[in-house]
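J.: What follows is a single structure, and I will ask about it in a moment.
The values are calculated or read from the model by the stated rules, or taken from the named source; none is laboratory data. Source: prediction; values computed, not measured. Here the Cβ positions follow ideal geometry from the backbone for every residue, glycine too, while neighbour counts run over all protein chains shown. To get the accessible areas, we keep the full protein, side chains included, count just its heavy atoms, and leave off ligands, DNA and RNA. Shrake-Rupley method; radii C 1.70, N 1.55, O 1.52, S 1.80 Å.
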Amino acid sequence: MASILAAQLLVGALTPASACACGAFIDPADAGNDSDVLEETAVLAHRDGRETIIMGFQLGASRTGPALLVPTPTVPDVSAADVDTLSEMRSATRPRQRIRYDYWGTSEEPPGLVGSGDDHGAAVPDSAAVVHSRQRIGSFDVAVLGGDAAPVRTWLEDNGFALSDEVSPLLEPYAEEGWTFTAVRYADDAVLEDETEPLRFDFDSEELVYPMRFSQAARTSQELNLYVISDQPMQRTDASEDEQISERPWIADPTDEDWTWTDDTLRGLIAPDDHGGRHGIVTQFRIWGEPESFTTDFTFAPDPEQDTVVPTYDVTEVVYLGPFPAGWTLTGIVVLLGNLITAIVTVIVLVLAQRGTRSRGTRVS
């Protein structure tokens, strides 16, 4: 049985041979063994000129060679993240329950959505590429590279990082702009497991950016689930947005929805308030697009006029009075009271009419 290459950071439906949305993970040696990319998940934050990306992906492959290549505008610090970070973010932004009371016991509607460590010192030249760092992170061999595209390619090939012909030409634009490349692959002695830790990238950046141009090398449509932490709602500002389906199912501060942050990483990314609490708006982006649509990286900016969005789902609760639904019970009571009142009024009318008849008979006598 083939081993499974899996970097577990997200949950989604399996899609055949494609590029990771933020990087590229295609096996050039055997197209039949390309990594399978499920949905990609990431948490993004930007504060005081420093950006953090906690990246999640789940892949399947049969060997350790294929490389994930992540471009960033400056040299990043790369470290292991915790699967609990992404898990808590998903829980914090889950749809909230909305109870719909049924007084008649006749509802058949199902619940549905209403609104969802190594040396980082001086750069060392290596094969004309600049190796900012190379380290072992869990099961991964991680190298941070700079320089022109051609020597970066040469270094990757000489050091066991395999890139496909589709990805290779996409290095030039990033290299010309002075970006850095983080290459990630399973180490030669790694035990390929179904679940590994996410990766965290911290780097200087003038704006909040999520690298996407490598997704042009994908062979199937791409799906992303991004959570942007900020002090106000966020929107996409890149030119490729119109070419994709982009939704924002959650735009709110989870603490306003009875959530308390417990993950240390998330607490560190959310600015503290004057009282020591952690309050910040999370804008969730659900994005779908064909490979050719990812001509730009994703960029984001505040959207202060945007209203809060919290997805909800209905749960129906039947209200009972006694053994029957309240509506029918109350209706029965009203009917009984109505009949009783009618009977009483009828009796009173008859009594009064009878007394009137007797009074007229006495005056005649």
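J.: State the number of residues belonging to the stretch 326-365 that are open to solvent by 100 Å² or more (accessible area, probe 1.4 Å), modelled with pLDDT under 75 and within 60 Å of the chain's Cα centre (by Cα).
T.: Qualifying residue count for the region: 1.
J.: Let me ask you something else. Of the conditions (1) at pLDDT below 90; (2) open to solvent by less than 40 Å² (accessible area, probe 1.4 Å), Leu269 clears all except one; give me its number.
T.: Condition (1) is where Leu269 drops out.
J.: Using beta carbons and a limit of 9 Å, which pairs, at least six apart or on different chains, have the first residue in the stretch 304-320 and closer than 14 Å to Arg98 by Cβ and the second one loosely packed, with under 14 Cβ neighbours inside 10 Å and among the acidic types (Asp, Glu)?
T.: Pairs found: Val310/Asp256; Asp314/Glu109; Thr316/Glu109.
J.: Which of the residues belonging to the stretch 298-325 are in a strand (DSSP E or B), open to solvent by 70 Å² or more (accessible area, probe 1.4 Å) and at pLDDT 75 or above? Walk me through it before giving the result.
T.: The initial filter retains those residues of the stretch 298-325 that are in a strand (DSSP E or B), namely 298-302, 309, 312-318, 320-321, 324-325.
Still in the list and also open to solvent by 70 Å² or more (accessible area, probe 1.4 Å): 313, 317, 320-321, 324.
Hit for the stretch 298-325 is Tyr313, nothing else.
J.: For Gln284, only one of the following conditions fails: (1) surrounded by fewer than 14 Cβ atoms within 10 Å (Cβ to Cβ); (2) closer than 19 Å to Glu207 by Cα; (3) of a type outside the set (Lys, Arg); (4) within 12 Å of the chain's Cα centre (by Cα). What is its number?
T.: (1) is the only condition that Gln284 fails.
Residues checked against (1) in contact with a Phe, Trp or Tyr (Cβ under 8 Å, 6 or more places away or on another chain); (2) within 10 Å of Phe294 (Cα to Cα); (3) in a strand (DSSP E or B); (4) not hydrophobic (A, V, I, L, M, F, W, C):
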| position | (1), (2), (3), (4) |
| --- | --- |
| Glu197 | no, no, no, yes |
| Arg200 | no, no, yes, yes |
| Phe203 | no, no, yes, no |
| Ser215 | yes, yes, no, yes |
| Leu224 | yes, no, yes, no |
| Val228 | yes, no, yes, no |
| Ser246 | yes, no, yes, yes |
| Ile251 | no, no, yes, no |
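J.: OK, next. Given the conditions (1) touching a Cys at 6+ places or on another chain (Cβ under 7 Å); (2) surrounded by fewer than 13 Cβ atoms within 10 Å (Cβ to Cβ); (3) among the aliphatic types (A, V, I, L, M), report the number of the one that Ala239 does not fulfil.
T.: Here Ala239 meets the rest and fails (1).
Table: residues versus (1) basic (Lys, Arg); (2) open to solvent by less than 20 Å² (accessible area, probe 1.4 Å); (3) at pLDDT 95 or above; (4) at negative phi.
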position: Phe25; (1), (2), (3), (4): no, yes, no, yes
position: Glu40; (1), (2), (3), (4): no, yes, no, yes
position: Thr72; (1), (2), (3), (4): no, yes, yes, yes
position: Ile99; (1), (2), (3), (4): no, no, no, yes
position: Glu109; (1), (2), (3), (4): no, no, no, yes
